[in-house]
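Q: The following block contains the structure, expressed as structure tokens.
The values are calculated or read from the model by the stated rules, or taken from the named source; none is laboratory data. In this text the structure is predicted, and so the values were computed from the model without any measurement. Please note that ligands, DNA and RNA were not included when accessible areas were found on the heavy atoms of the full protein model with its side chains. Shrake-Rupley method; radii C 1.70, N 1.55, O 1.52, S 1.80 Å.
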Amino acid sequence: MTEVIAYLIEHFQDFDNCPPPEDLGRLLEDAGFDVTEIGNTLMMMEVLFNTSEFAAAPFDSHALRVYCNEEVENLPQEVMGLMQYLVAERAITYEQREIVIHALMHIPPEEITLDTAKVLVLLLLWAHKSELPVLIGDDLMGALNGKATMH
């Protein structure tokens, strides 16, 4: 999934220029990506971008995020730490954090890694046309190349 997302971000710098899912699937197949990876990426995009339930009133900036039992059992500690760090640094909003956590919970637990979380954050920020502080953006982009350093 990481390679497909990297390809999308590189080839469609503006999310609005990205083709609809049915055309995108064919385009990715023509580019040589595995059908399973394409399907996983399209499914993850669907989860990430169709989460209107998180468009709620702004959260209190001093609120503590409490993870439910299922999240604690499935999300590695470093992923929860990354989410807290990104919110604290204002790289993502509270709502974006919830969307990423929601998407991560759709992945088999053994496949949830720090790099997977970073890639999903990048995908969401790409779609939302969000700007990142340079150092945070560099580290998140490193996850696409397998050179992640943030902990």
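Q: Which of the residues spanning region 80-97 are open to solvent by less than 30 Å² (accessible area, probe 1.4 Å) and under 16 Å from LEU124 (Cα atoms)? Even if it seems obvious, please write down each step before you answer.
A: Here is the first cut: in region 80-97, the ones open to solvent by less than 30 Å² (accessible area, probe 1.4 Å) are 80, 82-83, 86-87, 91-92, 96-97.
Within region 80-97, LEU82, MET83, LEU86, VAL87, ALA91, ILE92, GLN96, ARG97 qualify.
Q: Mind checking which residues of region 13-41 are open to solvent by less than 70 Å² (accessible area, probe 1.4 Å), modelled with pLDDT of 90 or more and hydrophobic (A, V, I, L, M, F, W, C)?
A: Matches in region 13-41: LEU24, LEU27, LEU28, ALA31, PHE33, ILE38.
Q: A follow-up question, please. Can LEU8 be described as part of a helix (DSSP H, G or I), at pLDDT 90 or above and open to solvent by less than 60 Å² (accessible area, probe 1.4 Å)? Can you show your working first?
A: On the way: part of a helix (DSSP H, G or I): yes; at pLDDT 90 or above: no; open to solvent by less than 60 Å² (accessible area, probe 1.4 Å): yes.
In short, no.
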